[in-house]
Each structure stands twice: as structure tokens, then as C-alpha cells.
Amino acid sequence: MDTQGPEAVDPADQWVLDPVTGEYQLRMDPPAPAPERYPATPGSGGHADGTAASSSPQAAFAEAPFAEAPFTEQPFTGGPAAGPAPATSGSGAAPAPGGRAAARRGGRRAAPNSGRRKPKTRASGSRGVVLGAGALGLALVVGGVGFAVAQRGSGGSGVHTVDVGQAAAATLSTSGPLNVLLIGTTGQGTAGQSGGAAGQADSAVLLHLSADRGNATALTIPGDLVTAIPDCPVGPQTGTAKVVPATPVKGASPTFRQSMGVDGRGAACTMRLVDLLTGVKVDHVVLADAAAVQQLTTAAGGVQVCLKDPLSDPAAHLDLPAGQHRLTAAQAPAFLTTRSAPPGNSAVDRARLQQAYLAALLRQSRAGGAAAKALPDAAARSLTVDPALGSTRALGELAAEIGKVDLRHITFATVPVASGSSGGAVTLDAPAAKQVFSLISRDISLSAPPAAPDPRLTGPKATPHNTRVTVLNGTGSFGASQDVLLWLQNDKGVNRSANGGDARATLATTRLDYAPNQADQARSLAAIMGLPASALHEGAKNVPALTYMTLTLGKDYTAPGTPIALPSTPPRNLALTTADSTACVG
């Protein structure tokens, strides 16, 4: 038996599913915490400016609705994506979700005023049009339009800002991965207009720029997604910040949209939710309402989109036949928020319309001409950003970073949701969503070309019966090696296996040590365990027949049967499109 002490509970397990009621219940008195699975190391789990997180954001999100769902990589029909290889065992540091490839300059904003806008008078306000995906207007500010902003320098009209406290980076960094949250808001005055009521987060797009700017991912998060909302500091109004308590999932409530504009929550609360839901640290935020989309559409001279099927929504005054359309300022907000999106009127179908609009706007802004000249001023007038982006110079710098990414390598996707969701609300497809979040957090493109298979994993494999291994527990948690042993023997037929007890030290990552003449056994065990190639360590000399290999479980081990290798490809059937595509949507 292993002897590493009492078993501890991950913070994510504080919310547990009651099998009788089907609801998540809060366990108020959890045991002492287990050793962190994702230790705080330089460049891992922190912000773009180098501020480190104490543990995995997902581990810290006790209300995560998918906290107890097992992670299983789903095959992707498009082939594996290229990306950095996981760290080998013995490196002293485990790869952490949300990790950064390089430390960035600057610090965190100390202001606790996480949800209030900086007072700034505006000439006009929203006309009350409900915008479901105003965030989509962001890419135009940022993605081609911004280059013209940079050309103007730092002069011109001011940029409207919202104070999000420590939720955003204090400065814009142009090195390493960059994550910008684009929030489409509802209500009046949601983009920073004076006197407007705070709107809800009707939908959002998490825009991830890779460290080398070779690719970008724009991941849509539907406003109707059912998710727990973490506690969030707001205010202060009397000198002390108020904390809005967390809201766990109960039935079909709450939804993502309620992370903003409800109970005093502001943009910082939505940023915090995305941090914890995805494990990807948001660096900056851009907000847009219906008025912003109208202004941006006008500046672009209309936005060209193509529909496979007719779109008819009498309530939104939309009647668009199949084919090409140049959306007007009056049509664009309705196009983005329609509940009649073809072909099935689902949240995913609506997201595809939003992505088509955004991609078209991005293409038009990069094409030059009148749109490129008009969009910068429209963006500065209509969008609201965090203070670090609150100047035309900063917007220009951000735009220049996005402009480095070729349109062919800007990929649009939607957070995977479970099939059969009804009543407007949608629920997370937890395994598939975790796969997507993992790829983004590790800076891997969703549409990269297939990578060549690692030679350590190719070749003949021994049968399970002829695979000999001793299992050691280097996880720091009680019972892991015995659990794996029983699973190997009873479920996988690896009956020539043994429990070696505790390893001499804990390991960040699992490793398999074997001799050259055991390579076929190593490949067999790697396939059974879901080990990455980086976990295989071949020795220099052959060993006598019947010698056992040594498998040392590391902190990346979660449960028997759960692959240890992190995903290298998106889930099967994840719909992907790139910004250069002009294909009809629907």
C-alpha cells in the first residue's frame, strides 16, 4: 500500500454533484488541501505581465460546473495540431494551464474598483437595441483597423475606459501570448456612455494571440451558457470593496450573461469567470453595445456576409434570402442577436453568424480604402476598454499585434455545448470544452497542420500480458499506484505488474523508464495509459528478459483510465472556420 498520508480534496471538489437532486451542493468543510497540481512557477498560470497565480484557475474555481467530469481527448478528424512538447519528467516544473511562454512587463492594477466605469461624458448613448454579440466589433478595432489608429499617433479623441481593477494587466505587453476578452453587452449605455445602466454579457469572444503571432483563436462563449459564477469584488462606494457572492448552478441558472449587470457585477466579474472557466488568463477587455456595432458597420460601409439558407426573424425585422448580403447599420445588431439563426436556431448557429460578421469586418478593415480610414475614429468613439488600452496609441499597438497574424491562421470556434440543450439555455460539453481550453492555454492552434508522430510511440507493441511494469507513486497523493495497478490488472490485462509503493520524491510529470529491448512494452503501456512521448525515457543498455519497466506516476496523473497526455488536437466535430473564408454560413 502507498504510505503518503491522508487523501486530500482538490478545491474544485468543494462543489459536488448530488446524485439524488442532480444539483451541485457546497461542501463547507473540505479536508486539508492536497499539494497543488499546478504549482506557481515563473511564467505559468499568471497574467501577461508576469503576475503568477497560486494554482490552476480551474482548480480554484470551486463552482466549476464541470469540475468532476473526466478529461478524455476526443479524436479530431483534421489530424493532430502542432504545438510545444510537454515538459519531461524530472524537469522540476509541470506545464500549467494558462501558462505563459515568457514573463511580461508591468504589474497588476491595485485599484479594487473592479466593476465601475471611469466617468467620461459621451455625446450619445445606445438606443436600447439589445446586442447579442457586440463584442464582435472588437476585431475590427483591433485587427486591421487599429493599424490606422497607430498611424494617427496618440492624438485625437479619447478612448472610453472601464475600471476593472486587478482583473486586467496594468500595461499592454507585446511579447508572449495575449488574451483579449470581447464582451457584447445589452441595455443602454453599456459601452461606457454616461448615465447608462450596466448591461449583461450577452455573449463574448475570447481572442487568443499565440506567442509567436503565428496564429490566433477567437472562441465564442454563448450568453446562454449555463455556468456557475464565482464571487467577485465590486465597488468600492464607501471606501471598502463589496464582494458579490458566488452563484452555483441550479437547474438552468445562472447563465454566462448574468456575470455582468446583475447584483452590481461589472466587466471584471465576467473576466474572472472566463479566467476560471477556461484556465486561460484574460489580459484585457473590450466592450461593445448595439450602438457600437451600428457605428462600426457604418464606418465599414456595410459588412458583406453570405447565407446558405434564408434568415427570417419578424421580431427583429430581418428577412434575408440565401446568398450575399451587405448588412447595414440597422440590420447588423439584429443579425448578431437573432434567435432564428439557420439551420437550427441554436446558440451555436447564432455564434456562426456572429463569427461570419466578425471575419468579414476583419477582412474589410485589412483591405484598405474608405473603411480603413473611417473605422479608427468609429472605434475610438464607440468601444470601451480597460485602462491599459485607453489611448489610441495602445489600441494601435494592440492592432499591430493582431495584424501580424495572417487571416488564414485566425481560427473561429465556439465553446462546445451539449446536444439536446433546450429552452434557450445550453450546457457545457465538459470533456470537449476541456480539450479546447487546454489547447488554448498551451498556445496550440486549433487549425494547425498535422504533426509527425513521435518515433518513440510508433512501432510494434507487446501484448498486455507480456507488458511488465512496476508502478511507483510520485503524485504526493495516497493510493495512486494501487489504483493504477488494479486498473491495469483487472481492466487492461496487464497482469505482470506490481505496486512499488511511494517514489523517493514527487514528480511533476509521469515518466516510464525502460531498456532498449523493452521498447515494444513501453509503446504498449503508453497506448494503454495515454502517455505522451515525453514521458518515455529509454535507457542505454538492454536488460535481462522478464525485467520489469518502472512507471512513476507524477502530479499530472488524475485517475485510472484518464489519459495523462494532454490533448494535441481539437475535439471531433468541432466546427472551425478561418478569417479568410468567404464561404456562406448556415
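Numbers for the structure displayed
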item	result
Residue match in region 260-271 (condition: within 30 Å of residue 323 (Cα to Cα), crowded, with 24+ Cβ neighbours inside 10 Å and touching a Ser or Thr at 6+ places or on another chain (Cβ under 6 Å))	no
Hits in region 442-489 - residues which are among the polar types (S, T, N, Q), farther than 15 Å from residue 528 by Cα, open to solvent by 10 Å² or more (accessible area, probe 1.4 Å) and in a helix (DSSP H, G or I)	482
Tally of residues being touching a strand residue (DSSP E or B) at 6+ places or on another chain (Cβ under 7 Å) and within 19 Å of residue 289 (Cα to Cα) across region 319-336	5
Hits in region 344-403 - residues which are outside any helix (DSSP H, G or I) and within 17 Å of residue 183 (Cα to Cα)	383, 384, 385, 386, 390
Scan of region 280-295 for residues that are at pLDDT 95 or above, in a loop (DSSP other than H, G, I, E, B) and open to solvent by less than 10 Å² (accessible area, probe 1.4 Å), ordered by number	280, 282, 283
Residues located in region 250-259, provided they are surrounded by fewer than 20 Cβ atoms within 10 Å (Cβ to Cβ) and among the charged types (D, E, K, R)	250
Only one of 293, 285, 280 that is touching a residue at least 24 places away in the same chain (Cβ under 8 Å) and more than 16 Å from the chain's Cα centre (by Cα)	293
Members of region 296-333 that are in a helix (DSSP H, G or I), more than 17 Å from residue 359 (Cα to Cα) and open to solvent by less than 50 Å² (accessible area, probe 1.4 Å)	316
Residue within region 254-262 that is farther than 19 Å from residue 199 by Cβ, touching a residue at least 24 places away in the same chain (Cβ under 8 Å) and part of a loop (DSSP other than H, G, I, E, B) present	no
Qualifying residue in region 399-408 (condition: open to solvent by 10 Å² or more (accessible area, probe 1.4 Å) and either free of Cβ contacts under 8 Å to residues at least 12 places away in the same chain or farther than 24 Å from residue 288 by Cβ (or both))	yes
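The values are calculated or read from the model by the stated rules, or taken from the named source; none is laboratory data. Here the structure is a predicted model, which means the values were calculated and not measured. Note: ideal-geometry Cβ built from the backbone for every residue, glycine included; neighbour counts use all protein chains shown. Please note that ligands, DNA and RNA were not included when accessible areas were found on the heavy atoms of the full protein model with its side chains. Shrake-Rupley method; radii C 1.70, N 1.55, O 1.52, S 1.80 Å.
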